[in-house]
Amino acid sequence: HAIEIERKEMELKEVRRSVMISQIQPHFIYNVLNIICILCRRNPKEAAIVTRTFARYLKMNVESLKKDHPVPFEEELKHADSFLALESNVWPGKIKVEHDTEAFNFFLPVLTLQPLVENALVHGILPNDGGTIKIWSREIDDYFLVGIDDDGIGFDATLTHGGVGIEHTRNRLEKVSGGKMEIRSERGKGTSVTIYIPAKTAKTF
(Lines give C-alpha, C1' and ligand atoms only; values in the text may rest on other atoms or scores of the structure.)
Protein backbone atom coordinates (compact mmCIF):
# COMPACT_ATOMS: atom_id res chain seq x y z
CA HIS A 1 0.00 0.00 0.00
CA ALA A 2 2.82 2.42 0.82
CA ILE A 3 4.37 1.88 -2.62
CA GLU A 4 1.02 2.45 -4.32
CA ILE A 5 0.43 5.68 -2.36
CA GLU A 6 3.90 6.94 -3.23
CA ARG A 7 3.34 6.12 -6.91
CA LYS A 8 0.05 8.06 -6.95
CA GLU A 9 1.69 11.04 -5.24
CA MET A 10 4.43 11.07 -7.88
CA GLU A 11 1.82 10.91 -10.63
CA LEU A 12 -0.04 13.88 -9.16
CA LYS A 13 3.17 15.91 -8.86
CA GLU A 14 4.04 15.19 -12.48
CA VAL A 15 0.55 16.13 -13.67
CA ARG A 16 0.65 19.32 -11.61
CA ARG A 17 4.06 20.20 -13.07
CA SER A 18 2.79 19.59 -16.61
CA VAL A 19 -0.30 21.71 -16.03
CA MET A 20 1.73 24.56 -14.53
CA ILE A 21 4.13 24.60 -17.46
CA SER A 22 1.29 24.41 -19.97
CA GLN A 23 -0.32 27.51 -18.44
CA ILE A 24 2.76 29.66 -19.12
CA GLN A 25 2.72 29.59 -22.91
CA PRO A 26 5.41 31.64 -24.69
CA HIS A 27 2.85 33.53 -26.76
CA PHE A 28 0.97 34.53 -23.59
CA ILE A 29 4.16 35.87 -21.98
CA TYR A 30 5.10 37.68 -25.18
CA ASN A 31 1.65 39.29 -25.51
CA VAL A 32 1.59 40.51 -21.90
CA LEU A 33 5.15 41.88 -22.02
CA ASN A 34 4.34 43.63 -25.30
CA ILE A 35 1.30 45.29 -23.72
CA ILE A 36 3.40 46.37 -20.73
CA CYS A 37 5.96 47.95 -23.09
CA ILE A 38 3.21 49.88 -24.87
CA LEU A 39 1.66 51.02 -21.59
CA CYS A 40 5.05 52.20 -20.29
CA ARG A 41 4.92 54.89 -22.98
CA ARG A 42 1.20 55.63 -22.94
CA ASN A 43 0.16 55.07 -19.34
CA PRO A 44 2.94 54.27 -16.84
CA LYS A 45 0.51 53.85 -13.93
CA GLU A 46 -1.48 51.24 -15.84
CA ALA A 47 1.78 49.56 -16.85
CA ALA A 48 2.66 49.20 -13.16
CA ILE A 49 -0.73 47.64 -12.42
CA VAL A 50 -0.41 45.12 -15.25
CA THR A 51 3.15 44.28 -14.19
CA ARG A 52 2.02 43.55 -10.61
CA THR A 53 -0.85 41.41 -11.90
CA PHE A 54 1.53 39.48 -14.16
CA ALA A 55 3.99 38.93 -11.30
CA ARG A 56 1.19 37.66 -9.05
CA TYR A 57 -0.02 35.31 -11.77
CA LEU A 58 3.46 33.85 -12.39
CA LYS A 59 4.12 33.52 -8.67
CA MET A 60 1.04 31.38 -8.11
CA ASN A 61 1.93 29.12 -11.03
CA VAL A 62 5.41 28.55 -9.62
CA GLU A 63 4.15 28.07 -6.05
CA SER A 64 1.64 25.49 -7.25
CA LEU A 65 4.52 23.05 -7.74
CA LYS A 66 5.02 22.97 -3.98
CA LYS A 67 1.37 22.32 -3.11
CA ASP A 68 0.34 18.70 -2.70
CA HIS A 69 -3.06 19.53 -1.25
CA PRO A 70 -6.18 21.44 -2.36
CA VAL A 71 -6.31 25.22 -1.97
CA PRO A 72 -9.13 27.61 -1.00
CA PHE A 73 -11.62 28.39 -3.77
CA GLU A 74 -11.00 32.09 -3.21
CA GLU A 75 -7.31 31.62 -4.02
CA GLU A 76 -8.16 29.80 -7.24
CA LEU A 77 -10.67 32.52 -8.15
CA LYS A 78 -8.07 35.28 -7.69
CA HIS A 79 -5.66 33.41 -9.93
CA ALA A 80 -8.27 32.97 -12.65
CA ASP A 81 -9.20 36.64 -12.37
CA SER A 82 -5.54 37.63 -12.72
CA PHE A 83 -5.33 35.63 -15.93
CA LEU A 84 -8.50 37.20 -17.33
CA ALA A 85 -7.34 40.69 -16.32
CA LEU A 86 -4.10 40.17 -18.25
CA GLU A 87 -5.92 38.84 -21.29
CA SER A 88 -8.32 41.78 -21.14
CA ASN A 89 -5.31 44.05 -21.67
CA VAL A 90 -4.19 41.94 -24.60
CA TRP A 91 -7.70 41.89 -26.09
CA PRO A 92 -9.26 45.23 -25.03
CA GLY A 93 -13.03 45.38 -25.22
CA LYS A 94 -13.38 41.68 -26.09
CA ILE A 95 -13.73 40.08 -22.67
CA LYS A 96 -16.45 40.59 -20.09
CA VAL A 97 -16.25 38.74 -16.77
CA GLU A 98 -19.15 38.10 -14.42
CA HIS A 99 -19.15 36.56 -10.94
CA ASP A 100 -22.01 34.83 -9.17
CA THR A 101 -20.16 33.21 -6.29
CA GLU A 102 -22.34 32.26 -3.33
CA ALA A 103 -20.05 29.61 -1.82
CA PHE A 104 -16.46 30.30 -0.74
CA ASN A 105 -15.65 28.09 2.25
CA PHE A 106 -14.28 25.06 0.41
CA PHE A 107 -11.13 23.70 -1.23
CA LEU A 108 -10.29 22.33 -4.67
CA PRO A 109 -7.13 21.14 -6.48
CA VAL A 110 -4.61 23.84 -7.29
CA LEU A 111 -4.77 25.20 -10.86
CA THR A 112 -8.31 24.01 -11.46
CA LEU A 113 -10.06 27.20 -12.58
CA GLN A 114 -7.39 28.84 -14.71
CA PRO A 115 -7.24 26.15 -17.42
CA LEU A 116 -11.04 26.21 -17.63
CA VAL A 117 -11.34 29.98 -18.05
CA GLU A 118 -8.48 29.88 -20.56
CA ASN A 119 -10.31 27.21 -22.53
CA ALA A 120 -13.49 29.32 -22.48
CA LEU A 121 -11.54 32.33 -23.69
CA VAL A 122 -9.38 30.74 -26.38
CA HIS A 123 -11.93 28.31 -27.82
CA GLY A 124 -15.17 30.13 -27.12
CA ILE A 125 -14.94 33.89 -26.67
CA LEU A 126 -12.08 35.02 -28.92
CA PRO A 127 -13.20 33.03 -32.00
CA ASN A 128 -16.58 34.73 -31.52
CA ASP A 129 -14.89 38.16 -31.52
CA GLY A 130 -15.68 38.72 -27.85
CA GLY A 131 -18.16 37.69 -25.19
CA THR A 132 -18.79 36.97 -21.53
CA ILE A 133 -17.27 34.46 -19.14
CA LYS A 134 -19.27 33.81 -15.98
CA ILE A 135 -17.78 32.14 -12.89
CA TRP A 136 -20.20 30.91 -10.25
CA SER A 137 -20.24 28.74 -7.14
CA ARG A 138 -22.93 27.09 -5.03
CA GLU A 139 -23.31 24.69 -2.12
CA ILE A 140 -26.09 22.23 -2.95
CA ASP A 141 -26.90 19.20 -0.78
CA ASP A 142 -23.63 17.33 -0.22
CA TYR A 143 -21.65 19.04 -2.98
CA PHE A 144 -19.88 22.27 -3.78
CA LEU A 145 -20.42 23.33 -7.38
CA VAL A 146 -18.24 25.62 -9.46
CA GLY A 147 -19.22 26.71 -12.95
CA ILE A 148 -17.50 28.44 -15.85
CA ASP A 149 -19.99 29.50 -18.52
CA ASP A 150 -19.32 31.35 -21.76
CA ASP A 151 -21.45 32.62 -24.63
CA GLY A 152 -18.83 31.82 -27.26
CA ILE A 153 -19.01 29.73 -30.41
CA GLY A 154 -19.61 26.43 -28.61
CA PHE A 155 -18.91 22.99 -30.04
CA ASP A 156 -20.48 19.59 -30.54
CA ALA A 157 -20.10 18.09 -27.06
CA THR A 158 -20.77 14.60 -28.42
CA LEU A 159 -17.59 14.69 -30.48
CA THR A 160 -15.03 16.02 -27.98
CA HIS A 161 -14.47 16.30 -24.24
CA GLY A 162 -11.88 19.08 -24.30
CA GLY A 163 -8.14 19.38 -24.77
CA VAL A 164 -5.18 18.08 -22.79
CA GLY A 165 -5.47 20.86 -20.19
CA ILE A 166 -9.11 19.99 -19.56
CA GLU A 167 -8.36 16.29 -19.17
CA HIS A 168 -5.49 17.03 -16.76
CA THR A 169 -7.87 19.16 -14.72
CA ARG A 170 -10.51 16.44 -14.76
CA ASN A 171 -8.00 13.79 -13.62
CA ARG A 172 -6.63 15.92 -10.76
CA LEU A 173 -10.16 16.75 -9.65
CA GLU A 174 -10.99 13.06 -9.42
CA LYS A 175 -7.75 11.94 -7.76
CA VAL A 176 -7.32 14.80 -5.30
CA SER A 177 -10.90 15.69 -4.32
CA GLY A 178 -13.04 12.81 -5.53
CA GLY A 179 -14.86 15.30 -7.74
CA LYS A 180 -16.14 15.25 -11.29
CA MET A 181 -16.58 17.62 -14.21
CA GLU A 182 -19.43 17.99 -16.68
CA ILE A 183 -19.15 19.86 -19.98
CA ARG A 184 -22.22 20.99 -21.89
CA SER A 185 -21.96 22.88 -25.14
CA GLU A 186 -23.95 23.81 -28.21
CA ARG A 187 -22.66 25.36 -31.40
CA GLY A 188 -23.49 29.05 -31.60
CA LYS A 189 -24.69 29.24 -27.99
CA GLY A 190 -21.66 28.65 -25.80
CA THR A 191 -20.25 26.22 -23.29
CA SER A 192 -20.86 25.43 -19.62
CA VAL A 193 -18.38 23.56 -17.43
CA THR A 194 -19.56 22.45 -13.99
CA ILE A 195 -17.34 21.00 -11.27
CA TYR A 196 -18.83 18.88 -8.48
CA ILE A 197 -16.78 18.40 -5.30
CA PRO A 198 -18.13 16.26 -2.43
CA ALA A 199 -18.53 18.42 0.68
CA LYS A 200 -16.76 15.82 2.81
CA THR A 201 -13.54 16.26 0.83
CA ALA A 202 -13.99 19.96 0.03
CA LYS A 203 -13.77 20.92 3.72
CA THR A 204 -11.05 18.60 4.97
CA PHE A 205 -8.02 20.86 4.44
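Amide H of Lys189: which non-local residues (sequence gap of 5 or more, or other chain) have their own amide H closer than 5 Å, using H built in the peptide plane?
none
In the range 86-177, what chymotrypsin sites (Phe, Trp or Tyr not before Pro) fall in a loop by DSSP, with at most 12 other Cβ atoms inside 10 Å?
Listed in order of number, the matching sites are Phe104.
Roll a 1.4 angstrom probe over the protein heavy atoms and tell me the percent of accessible area of the range 72-205 that is carbon or sulfur.
In the range 72-205, the share of accessible area belonging to carbon and sulfur is 49 percent.
How charged is the neighbourhood of Ala48? Take every other residue with its Cβ under 14 Å from the Cβ of Ala48, and add Lys/Arg as +1 and Asp/Glu as -1.
For residues surrounding Ala48, the net value is +4.
Over 20 Å between C-alpha atoms is what I'm after, so list which of Lys78/Lys134; Lys96/Lys134; Lys59/Lys96 land there.
Lys59/Lys96
With the other protein chains left in place, how much accessible area per residue, in square angstrom, belongs to the range 75-205 at a 1.4 angstrom probe?
Per-residue accessible area for the range 75-205 comes out at 46 Å².
Give me the net charge of Tyr196's neighbourhood, meaning all other residues with Cβ under 11 Å from the Cβ of Tyr196; Lys, Arg count +1, Asp, Glu -1.
It works out to a net charge of -2.
So how much accessible area does His69 have, in Å² to the nearest 10, using a 1.4 Å probe?
Surface open to solvent at His69 totals about 100 Å².
The values are calculated or read from the model by the stated rules, or taken from the named source; none is laboratory data. All figures in this text were calculated on a predicted structure; none of them were measured in a lab. So basically every Cβ, Gly included, is an ideal-geometry build from the backbone, and we count neighbours across all protein chains shown. In case anyone asks, the SASA skips ligands and DNA or RNA and just uses the protein heavy atoms, side chains included. Shrake-Rupley method; radii C 1.70, N 1.55, O 1.52, S 1.80 Å.
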